[in-house]
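Scroll down for the structure; my scribbles are underneath it.
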Amino acid sequence: MADSLMLNTMRNITILGATGSVGASALDVIARHPQRYRVHAVTAQSSANELADIAVRFSADVAVIADAALEPALRDALRARGGNTTVRAGRRALVEVAQAPECDTVLAAIVGAAGLEPTLAAAEAGKRLLLANKEAIVCAGALLMAAVQRGGGALLPVDSEHNAIHQCLAGVGESERAGARLVLTASGGPFLNRNDLDGVTPDEACAHPQWVMGRKISVDSATLMNKGLEVIEASWLFGVPADRIDIVIHPQSVIHSMVEFADGSVLAQMGTPDMRTPLAYALAWPERVASGSRRLDFANVGALTFEAPDRRRFRCLDYAYKALARGGAASVVLNAANEIAVQAFLEERLRFTEIAPTIERMLEAYDPPPPNNIHDVMHIDREARARASEFVMDKVQ
Ligand code: NAD
Ligand code: MG
């Protein structure tokens, strides 16, 4: 049965990254509709207790802990809670629950390129893929889009900007899409109006004014690399070239993104900033279900403001556009360098202001041939990480 014809039938869901911020929002929506959604599998990197809580609460069939050393801890945690969920461990198990015949829907909510393999596996297996894991499409856009085509499933963006664009493009034909201009909105992050960023601490960078999110994406929002990654994500998802993708700073985060058509019409999607809205949209599409998010109270919203991003202060935007224009392996290198730099910053081994230069240096220094398959992508990712780690270490000494 084609995915979009599965109306009103029970969906069986695998949640990759169930213990994260997106995972929690998805579980909140799922819990509101027990007659529509059941949880097949849940996964986490290392939080065994939290994963066991979720598995028991949602009567999941399978729980996967990616860090295989924690398999006994997960078993103990489940036993202590009286759960009868099957325990699996390791990276291979992530791929297996993503393509399992027992599920028809997969939420890709692992953070980083670590989510690439199971995300691709879900696409290849024809699942409805709810994509939050933007690093996966940044690293392997061509491969992922081809896998979705071959698998015959549906790809529904969860990232709020892309979800907004998906909503604005509903019913729009291929050629009109390609001719449209996409306008991604950005809150500007916590440092929109702060000039001296040298001594910024991880907690300051993670204090996002509008959204509560995992720490990596919070830092990406503070450097605006998040928006850079989203430009690459949008280009793959909607088949629109970089020169038709704009970014506008919109600090209120009411408009989640817009599409401008050839006739000058601009469509925008709005709502309160709450990931449950795009998650509910992607879960229920083409139907609509309640998400639990607050309604937009226009009388109290006040002014909606817009400004151009300061690309001299937030260099990461240009690096992302450059990587997209260069094509091939450049986005893999960009993403790997960013992941290493952000991790080092969160561990207080690198200054906030050194994140962008680390990425710039890696893009200059490492230019491998274009990847042809997932193994190539993973090889380039590993190599870029090793080089970026060395570069970061040299800075510390
Ligand atoms: P998070 O850090 O809160 O959660 C990450 C999840 O991935 C956790 O369940 C963790 O156990 C798992 N994980 C981490 N490393 C892993 C690894 N190496 N292998 C397997 N599992 C691993 O992150 P988040 O904020 O929920 O973001 C998840 C993804 O969604 C990211 O790609 C992010 O860019 C994207 N996203 C998040 C938001 C948001 O509001 N949080 C919005 C849009 C897009
Ligand atoms: Mg986003």
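A compact table of results
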item: Residues within region 234-264 that are part of a helix (DSSP H, G or I) and without any contact (Cβ under 8 Å) to a residue 40 or more places away in the chain, tallied; result: 1
item: Count of residues meeting criterion [open to solvent by less than 30 Å² (accessible area, probe 1.4 Å) and out of contact with any helix residue (DSSP H, G or I) (no Cβ under 6 Å at 6 or more places or on another chain)] in region 27-42; result: 5
item: Residues being under 20 Å from R351 (Cβ atoms) and surrounded by fewer than 16 Cβ atoms within 10 Å (Cβ to Cβ) - total across region 176-192; result: 0
item: Among residues of region 193-216, those that are closer than 15 Å to L346 by Cα and near ligand 1 (Cβ under 7 Å from one of its atoms), counted; result: 4
item: Residues of region 283-319 that turn out to be assigned to a helix (DSSP H, G or I), under 22 Å from S253 (Cα atoms) and of a type in the set (A, V, I, L, M), as a count; result: 3
item: Hits in region 293-330 - residues which are under 25 Å from K134 (Cα atoms), small (G, A, S) and open to solvent by 10 Å² or more (accessible area, probe 1.4 Å); result: S293, A308, A325, G327, G328
item: Selection within region 331-353 - surrounded by fewer than 19 Cβ atoms within 10 Å (Cβ to Cβ), touching a helix residue (DSSP H, G or I) at 6+ places or on another chain (Cβ under 9 Å) and assigned to a helix (DSSP H, G or I); result: L346
item: Residues within region 198-211 that are at pLDDT 90 or above and either part of a helix (DSSP H, G or I) or buried (at least 17 other Cβ atoms within 10 Å of the Cβ) (or both), tallied; result: 6
item: Spans of helices (runs of 4 or more DSSP H) in region 1-85 with at least 1 residues under 25 Å from S293 (Cβ atoms); result: 21-31, 48-57
item: Answer from I65, I110 - the residue that is open to solvent by less than 10 Å² (accessible area, probe 1.4 Å) and among the hydrophobic types (A, V, I, L, M, F, W, C); result: I65
item: Residue list for region 212-233, restricted to those being near ligand 2 (Cβ under 10 Å from one of its atoms) and in a helix (DSSP H, G or I); result: I217, D220, S221, N226, K227, L229, E230, E233
item: Residue check for A24: without any contact (Cβ under 8 Å) to a residue 12 or more places away in the chain, within 13 Å of ligand 1 (Cβ to nearest atom) and either open to solvent by less than 30 Å² (accessible area, probe 1.4 Å) or of a type outside the set (F, W, Y) (or both); result: yes
item: Restricting region 217-255 to residues that are surrounded by fewer than 20 Cβ atoms within 10 Å (Cβ to Cβ) and among the charged types (D, E, K, R), the residue that is nearest to ligand 1 (Cβ to nearest atom); result: D246
item: Total residues in region 364-384, condition surrounded by fewer than 20 Cβ atoms within 10 Å (Cβ to Cβ) and part of a helix (DSSP H, G or I); result: 9
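Per-residue answers, yes or no, for (1) free of Cβ contacts under 8 Å to residues at least 60 places away in the same chain; (2) touching a helix residue (DSSP H, G or I) at 6+ places or on another chain (Cβ under 7 Å):
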| residue | (1), (2) |
| --- | --- |
| D61 | yes, no |
| I65 | yes, yes |
| A68 | yes, no |
| E71 | yes, no |
| R79 | yes, no |
| T86 | yes, no |
| A89 | yes, yes |
| C103 | no, no |
| A108 | no, yes |
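The values are calculated or read from the model by the stated rules, or taken from the named source; none is laboratory data. Computed from a predicted model, the values in this text were never measured in an experiment. Neighbour counts are summed over all protein chains in view; Cβ atoms, including those assigned to glycine, are modelled from backbone coordinates with ideal geometry. To get the accessible areas, we keep the full protein, side chains included, count just its heavy atoms, and leave off ligands, DNA and RNA. Shrake-Rupley method; radii C 1.70, N 1.55, O 1.52, S 1.80 Å.
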